Amino acid sequence: MAKYEKGKIIQGTVSGIEPYGIFIQIDEYYSGLIHISEVSSKFVRHPSNYATVGETIHAEILDINEATHQMKLSIKNIAYRNQPHRRRKQIVETKSGFRTLAYKLPKWIDENLKNAKKETNSIDK
């Protein structure tokens, strides 16, 4: 019985990205290509928007060529990432809010005006 079968979900490492698809290294013998048409059911501007080189992802086997040890793969209908992208932390407003900025802004303006005046006077001499 073959190690890999059509329809099976496998894990591999992204080894390259081209405008036409994503190359996956599955193990020391097998590699595969996720053609751009198998990346998403929506419009795909570039496959690099879906994976990065070195990232480990899951893919579904569409076809296997045992002679060349190459596979046709798809990530179109599966959750292909091990971990979802990290979401950015939401900014939480402090108790003082913008009051600190409002307090310091006039002081900063005065300092910069004095520095600008000194520079202007030094140029005039």
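None of the figures in this text is laboratory data; all of them are computed from the coordinates on show. Note that the coordinates shown come from a computational prediction; the quantities given were computed from them, not determined experimentally. Heads up, the Cβs are rebuilt from the backbone with ideal geometry, glycines too, and the neighbour counts pull from every protein chain shown.
Charge tally around LYS76: other residues with Cβ under 10 Å, Lys/Arg +1 each, Asp/Glu -1 each, net -1. By the Cα gyration tensor, the chain has an equivalent ellipsoid whose semi-axes, rounded to whole angstrom, run 57, 19, 12 from largest to smallest. Once you list every other residue whose beta carbon is under 14 Å from the beta carbon of THR56, what net charge do they have if Lys and Arg are +1 and Asp and Glu are -1? Local net charge: -1. Taking packing as the residue-averaged number of other Cβ atoms within 10 angstrom, the listed peptides 69-78, 103-112, 37-46 run from highest to lowest as 69-78, 37-46, 103-112.
Of the residues GLN90, PRO106, ILE75, the one whose Cα sits farthest towards the positive end of the charge dipole of the chain is PRO106 (charges of +1 on Lys and Arg Cβ, -1 on Asp and Glu Cβ, taken about the Cα centre). Charged side chains reduced to their Cβ positions (Lys and Arg at +1, Asp and Glu at -1) give the chain a dipole of some 1100 debye around its Cα centre.
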